[in-house]
Structure formats: C-alpha cells, structure tokens
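Participant: The structure that follows is given in the form of structure tokens.
Every read-out reported here was derived from the displayed coordinates using simple, explicitly stated rules and does not represent laboratory data. Here the structure is a predicted model, which means the values were calculated and not measured. Counting neighbours? That spans all protein chains shown, and the Cβs are built from the backbone with ideal geometry, glycine included.
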Amino acid sequence: MRHPVRKNRLIWSCIPLWVLFGTVGLMAQEDLNGKFTVAVLDFEGRGISQQEAQTLTDRLSSELANTGAVILVERNQMNEILEEQGFQQSGCTSAECAAEVGALLGVQNMISGSFGKIGNSYTIDAKMFSVETGATVKTVSKTYKGEIDGLITEIEILAWEIVDLKPPKALLEKQKSLAAAGPAQPAQPTARKGGGGWKLWALIGAAAVGGGAYFLLANKAPSPLPEPPTLPN
C-alpha cells in the first residue's frame, strides 16, 4: 500500500507540467488570434512562361509570410498533401478547383490569380476567397509598365494589400522611385558634330559626280573631219 504522503507528493510534482502545457496552449491560441490560414495556388502565366509565373508566385508567398497576418502553407507542404491525395495543382485555375484544394489542405482562405504581359505592360490579378463559403474576400489588380525589378516590387506591395494591411514605407518609396524613373528608353544614335554633316557629304558627292561627267566630256576623242569634195575635170 502506497503512503498517502508519497501519493500527494506525486500529484503536486505533476502540477507544474500541467501549468506549462496549459500556458503553451494559451500562447498558441493567442498567436492564432487575428490570423487565418491561407494557401497560394500557382498563378497562371499569360504572355509569360509558367516557370516565370511560379517564380513570381513564390515572391508573393514570401511577402505574405512577412506581413505576419496569415499562417501560410508552404509550397512543399502543399505539394506533399496534394500528392498524397492524388491531386495536382497544375491547371487548377477555376474557383471550384481552388476550393477543393483548400478543403484538402484544411485552410480557411485560398489565393489564386494570374500574371500577364501585353506589349511592355504587365498585369497582376489576385483574388482571395473563403474555402468554406466560396465568397470572395479580397481582390487586387495592378498594371505595371517598366523593368522586371519594378514588377517584383508591385507583387510585394500586393501581398500587403490583399490582407488589408498598409505596405511598409520602404516598399512604397521604392515604388515611387521606380515610377519616377520610368521605363528604360532605347539608345538613340549619336548625332555628328555640327548636325549638318550629311549635307556636306551630299554636296561632295554631287560635286564628284559632276566632275566625273566633265572629265569624260573633256577627254572625249574629237570627231574626224569630213573628206573634201572632189572637183570635176
């Protein structure tokens, strides 16, 4: 038979563990407050390659994690879960397909969209919607004209806007400076000094042609004289 004191001592020795686990659980619950789970599907590429679209999607996901407003399912984790379920996200562009993927992943919201290029302009269309209801939570669309560096900045800003947060000041200043710089202009041919060099060469060419013609006429062999008439006997 166990001694009562030893039994009580065992119970009291376990209390700190209960308190510790309870505290960790409360901390985890507080960490989840104000956040929601989200997964990002590979954006569709229109006018750009699918590999480029995946790279830009990765940048969007990275910046979403930097916002601290969401609990993001990483690409590797998402691919593992989908492969286990025999599901491929490639070609999944419809809202129904995205909702099905979100249900498999067990997330609250999904983000899908597309990157496009028309001429020298890029377009970004992103949509976040609820997996449970299918309702659209937020949409953000952007058009950008310029170098690829500026497009990456636009994507980073979009990541903050789609979760209803103001982008960091550094990103906004970078966007402003890129807009002020404008798209790169093609190099222009360097003009000759004086600006009228082509006229001089035209006159020299004309003079050369005229001189050549005069030389030919001046050196032309003279025509033979006619024979004198024969007088009658």
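Participant: Among the listed pairs Lys117/Lys145; Lys117/Lys176; Lys145/Lys166, which have their C-alpha atoms separated by more than 19 angstrom in this model?
Facilitator: Correct reply: Lys117/Lys176; Lys145/Lys166.
Participant: Another question, then. As I understand it, the dipole of segment 32-179 uses +1 on the Cβ of Lys and Arg and -1 on the Cβ of Asp and Glu, about the Cα centre. Which of Leu82, Gly146, Phe36 lies farthest toward its positive end?
Facilitator: The listed residue farthest towards the positive side: Gly146.
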